[in-house]
Amino acid sequence: MTLRSSASRYARALFDVGRAEGLDLDRMGDELSGVAALVAGNEQLERVLGNPAIPASRKRGVVEGLLALSPVSPVVSRLLLLLADRDRLVLLPGLADAYRTRLMDFHNVVRAEITTAVPIPPDRVAALQGGLARLTGKEVQLGVTVDPSLVGGAVARIGSTVYDGSVTTQLEKLRQQLVLAEV
């Protein structure tokens, strides 16, 4: 089983337990992301918790020390201790991402990315966000980037779906048609 699928299973379990117990799912996600950021932001801590040569019992002690300094909800605390006991703390960054994705699905929110050739004004961004919301039927968190190599137009990415309306792609399609027509 891959690290990603393992992290996803733990995230699903955490989410399901939190939901069944009527806990604040957003707060749990913030706590999990906070612990993951703390570990990722401290190279020495990350190295210790990810090192397979260090016994799980010592990792549990480190996690208990972290939890004493920065308490989290009991469910998140139990999960972190379980990960330490099973020597699976390496899953923490992926688990936090998977939980955040599950939480967004629960709230009917989707992330989208628009890439344009030139910066676009905020009213146009809002219009694109509204259009993508109608298309997906979900609230859209939109990120906008600029890539001058597109020449013109835009590329929208929602999950694994790409809507490519860039001039560069249109020119490439035209070039391919011309090459095939010459044969």
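The values are calculated or read from the model by the stated rules, or taken from the named source; none is laboratory data. What you are looking at is a predicted structure, and each value in this text was computed from that prediction instead of being measured. With ideal geometry, Cβ positions are generated from the backbone for all residues, glycine too; neighbour counts draw on all protein chains shown.
Structural remarks
- Verdict on residue 85 being over 30 Å from residue 152 (Cβ atoms) and either in contact with a Pro (Cβ under 8 Å, 6 or more places away or on another chain) or in contact (Cβ under 8 Å) with a residue 24 or more places away in the chain (or both): yes
- Considering residues of region 20-36 that are without any contact (Cβ under 8 Å) to a residue 40 or more places away in the chain and part of a helix (DSSP H, G or I) only, the residue surrounded by the fewest Cβ atoms within 10 Å (Cβ to Cβ): 20
- Any hit, region 132-139, residues being in a helix (DSSP H, G or I), over 30 Å from residue 12 (Cβ atoms), without any contact (Cβ under 8 Å) to a residue 24 or more places away in the chain and not assigned by TED's automatic domain parsing to the domain that holds residue 76: no
- Residue check, residue 111 of a type in the set (D, E, K, R), within 28 Å of residue 155 (Cβ to Cβ) and assigned to a strand (DSSP E or B): yes
- Summed over region 107-133, residues that are buried (at least 18 other Cβ atoms within 10 Å of the Cβ), small (Gly, Ala, Ser) and at pLDDT 90 or above total 1.
- Within region 136-183, the set of residues being among the β-branched types (Val, Ile, Thr) and either closer than 16 Å to residue 116 by Cβ or touching a helix residue (DSSP H, G or I) at 6+ places or on another chain (Cβ under 6 Å) (or both) comprises 140, 144, 145, 146, 151, 155, 158, 162, 167, 168, 169.
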